[in-house]
Structures are given as C-alpha cells and as structure tokens.
Amino acid sequence: MARLRRKSCVTVTALALLIFVITVILKTLTPDNDSSVDAFALAAFAPQRQGEIRIQGKSAAEVPTRPANVAMMNNKPPEEKELSLYGEAREFPPPNYNMHAFYYTWYGNPQFDGKYIHWNHPLLPHWDPKVAVGYPNGIHHPPDDIGANFYPALGAYSSRDPSVIEAHMQQLRTAAIGVLALSWYPPGKADDNGEPTDDLVPLILEVADKYKVKVAFHIEPYKGRDDTSMLENIKYIVEKYGDHPAFFRYKSSTGKLLPLFYIYDSYLQSADTWAKMLKTTGKRSIRNTPYDGIFVALLVEEKHKREILEGGFDGIYTYFATNGFSYGSSHHNWKSIKDFCAGNNLIFIPSVGPGYIDTSIRPWNFQNTRNRINGKYYVTSLSAAVATRPQIISVTSFNEWHEGTQIESAIPKTGGQTAYLDYLPNKPTAYLEITRTWAMKFREAQEKQTA
C-alpha cells in the first residue's frame, strides 16, 4: 500500500512538472503585448544597407491604417499606441499642431532612384575666387561620404522609400510635432541639385495621416516665381491635396480654417507683386476665394517687416537656425518682431534649431557654425521662442542634413576619410526628445494664456 502511494505521488509530481514545462514553452511562443522596440535604436545599429527596413515583410502601403481623423488645431488628443516600423506597439505623445518642422524630400539612392541624389552634393565655391582657391571642390561619394557633417541613422536613404517615410512620421510623433512643413516645388521643377518630387506628396499625406501628422506646404523659390505663377501653384495644391485629411488648415483670426503656406525667400519678389495676389484690392486677389489661405513670409532683414505688411501677408517666420546670422534669426530681436506682428494682426512664427554646420558643402563657411553644445543651443533657442508667446513655433529642421540643422536621428560614423559629428554622449534620438519636452511646455504655456 505504501509502495502504491509512493508510485501515485511520483506520477502526480511528474504530471505537474510536465504541465509546468508546457506552460513555460507556450509563454515563450506568445508575443508580449507590453514589449516595445525602439525603431530608431534598431536603425542605429542595423547594417547601413539601403531599403532593408520593412514592416515585418510588408511595404508601408500594406500596413492597415486607421480611419482618417481631421484634427482641429489646439485640441488635446490622448496619448496612443501606433504600429512601430518593426510591427510592435509604441506610445507617442499627443501631437502639438502648433509645432511645425521643415521637411525635405530631395534625397535619393540607387535602389529607389537609380542614383544618389543630394547625398552627393557638390562642394560649393566661395563667391570670391581668391578665397575659393584655398578650399576643396568636387562632389561627395555616398554612402560613406555624404554631403553632411552628421550621419543619419537610416543611412543615405531615399525620400521615396516608404519605410523611410514611415520612420520619419514615427520620429515626428516621438517629438510631439504635429505639422511637417513640406519643401515643395511645382511639378517638373526642383532645386539645382535635386529632381522633381511633387509626385511624392500623395504618399507623404497617406503616411502622415496614419500618424495624425498634418502637412503644410513650404513653397520654395524657382525661376519665374511671381504673383501669377504663385496663384496657379496655390490652386494646384488646394485642388489636388486640399481634401486630404492630413492637409493642414489653421484657424484664422476670422474663425475660418484655412491652409497655411510658408513662402521661402519671399523677399525676392517685391511687395507690390505680392499685393496683387494677397490684398483684397489686388488685381489677382486670392482673398475670399476657395483658394484663400494663411501666407507666411520669410523675415531676414528688418526692412522686410514693412514689405511683408505691404505685400498683404498674414504672418512672419524666421527660418534660419543660426542665432545672429540675420535680423530675423537673432533671438534678441524676437520680442520686437512679435510686438510688430501683434500690432499689425500678423502671426509670428519664430524658427528654432539645434545648431548649424554646413562645412561639408560650404567648407569656407565655418563662421556661421553654431555648436550644439550637447543640446544646450537648442534648449536656449526653444526657450527664447516660447518666451515670446508666439502662435506657432517652427523647427529648422527635421532633415536638412546639408546644413546640420536636423533633429532626425543620427549615429556615430567612422571609417573612410570622412569624419562625422554625432549626438554623443546623448542618444541618437536626443533632439527628438528635447523637442517633445518643449512641445509640451509650449502647449502648457498656450493653455495658460487662454485660461
């Protein structure tokens, strides 16, 4: 009898042990819903071969999107979870639609474009031949030698790669940026070193909408830009993209939701030229038509304030990330610029940046370099902007790598003859995190003003 009890005890124990082992094995095979993988950290340590980033074997277009949501400005969407680039859930802070970032789609690589575009940027000569002779010339040779002083975590990517656009939207949301200001040329036109990219806009809008990011248009200067061509540009943008839920609209002083357009180098056209389109009395006035909008001019010199007002613009932005480079980019001038705007019913949009260095393409321009000081330069810029109580803050830039103003993730890069700067001792995502902190502070400051 005792022997039988011992056998029963051994049998029960063995059965319990078997159940325990099976449970452990099943648990290891079950995905952990609470786990989170940092896409940017993975990208930082992955081999830098182009086009390898995919969403668990699918293209970005195959990832199911959520229903479109037209976000109103100044609202407070809850924190949410989205699919990360690697298919796992990650939390994002709520987007601040009064934080804008300038975004560039001019990059290309052989896999998606048949060649490198912009990463092979030429070294630009100094305008004085006597100075130019003392500096190197030629072009860069990607992927190890690119036209930038920092190296992107995503490598020498193509702006046409859907997985890159996906990663960028994740980074924008990580930074709590609600609006990307898309560098835009009319169809068939491009900058001197690039190729036309208007055909990319539909994909950018689709992926932006998935991440609740809005898209504004940053209209670049091009040959022949005047009031007539600009009117055609605005009509084209509104008719082709204006109905998309990711198309950004801003609540004007009259209560209307209108598209917002940044006009780069607006001073290249006279105030009289702009007035023809932007004033209600203009010959080709856009006001009170289906194409009306919020038109924001670039302020470089102090005299531009009066020209912007006479031209019929609705606001001012400063763009340059180099404190002291221009009247508009100098922090100590922002209060007086804001006062001018407040007195003339203009929107003031100071542009902040993490630093500036463009010696990879302008080797003679070291005097305009602004060291990042491990993020302190950026914090100083953000603090100065918030102190002026602006309606919107713009970030120069998300990914203008040539001028070293990017907040996009960057990694240390060694090898070859090119020495790159990096964000060490901080993480590759350091400037996204600083942006997030200040986007929240800016939101809180604006809420106190309206309380």
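The values are calculated or read from the model by the stated rules, or taken from the named source; none is laboratory data. Source: prediction; values computed, not measured. Positions of Cβ are generated from backbone atoms using ideal geometry, with glycine treated the same way; all protein chains shown enter the neighbour counts. Calculation scope for accessible area: heavy atoms of the full protein, side chains included, ligands and nucleic acids excluded. Shrake-Rupley method; radii C 1.70, N 1.55, O 1.52, S 1.80 Å.
Figures for the structure shown
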{"quantity": "Rounded FRET efficiency, nearest 0.05, which uses the C-beta distance separating Lys130 from Ser252 and R0 of 45 Å", "calculated": "0.30"}
{"quantity": "Accessible area in square angstrom per residue, the range 336-395, 1.4 angstrom probe", "calculated": "36"}
{"quantity": "Burial order of peptide ranges 434-444, 387-397, 186-196, 231-241 (average beta-carbon count within 10 Å, highest first)", "calculated": "387-397, 434-444, 231-241, 186-196"}
{"quantity": "Packing-based ranking, highest mean first, of 405-412, 309-316 given that Cβ atoms within 10 Å are counted", "calculated": "405-412, 309-316"}
{"quantity": "Stretch gain in nm, segment Tyr236-Asp113, where the contour uses 0.36 nm per residue and the Cα spacing is subtracted", "calculated": "41.7 nm"}
{"quantity": "Debye, to nearest 20: dipole size of the range 259-347, +1 on Lys, Arg Cβ, -1 on Asp, Glu Cβ", "calculated": "200"}
{"quantity": "Ala410 long-range amide H proximity, modeled H, under 5 Å", "calculated": "Ala153"}
{"quantity": "Distance between the range 325-372 and the range 127-185 - C-alpha centres, whole angstrom", "calculated": "20"}
{"quantity": "For the range 399-451 and the range 269-312, distance of Cα centres in Å", "calculated": "33"}
{"quantity": "Note, ³J(HN,Hα) from phi for the range 353-360, Karplus 6.51, -1.76, 1.60, rounded to Hz, x at Gly and Pro", "calculated": "x, x, x, 7, 7, 10, 6, 6"}
{"quantity": "Asp161 accessible area, 1.4 Å probe, all protein chains in place, Å² to nearest 10", "calculated": "10"}
{"quantity": "The range 115-217, accessible surface, carbon-and-sulfur percent (1.4 angstrom probe)", "calculated": "56"}
{"quantity": "Stretchable slack from His141 to Leu200, in nm (0.36 nm times residue separation minus alpha-carbon distance)", "calculated": "18.7 nm"}
{"quantity": "Residue order for Leu260, Leu268 - accessible surface, 1.4 angstrom probe, largest first", "calculated": "Leu268, Leu260"}
{"quantity": "Förster-model FRET efficiency, 60 Å R0, Phe366 and Asn288, C-beta, rounded to 0.05", "calculated": "0.75"}
{"quantity": "Separation of the Asn344 and Lys441 label points, Cα + 7 Å toward Cβ, nm", "calculated": "3.0"}
{"quantity": "Ala419/Asn193 FRET efficiency (R0 25 Å; Cβ-Cβ; nearest 0.05)", "calculated": "0.65"}
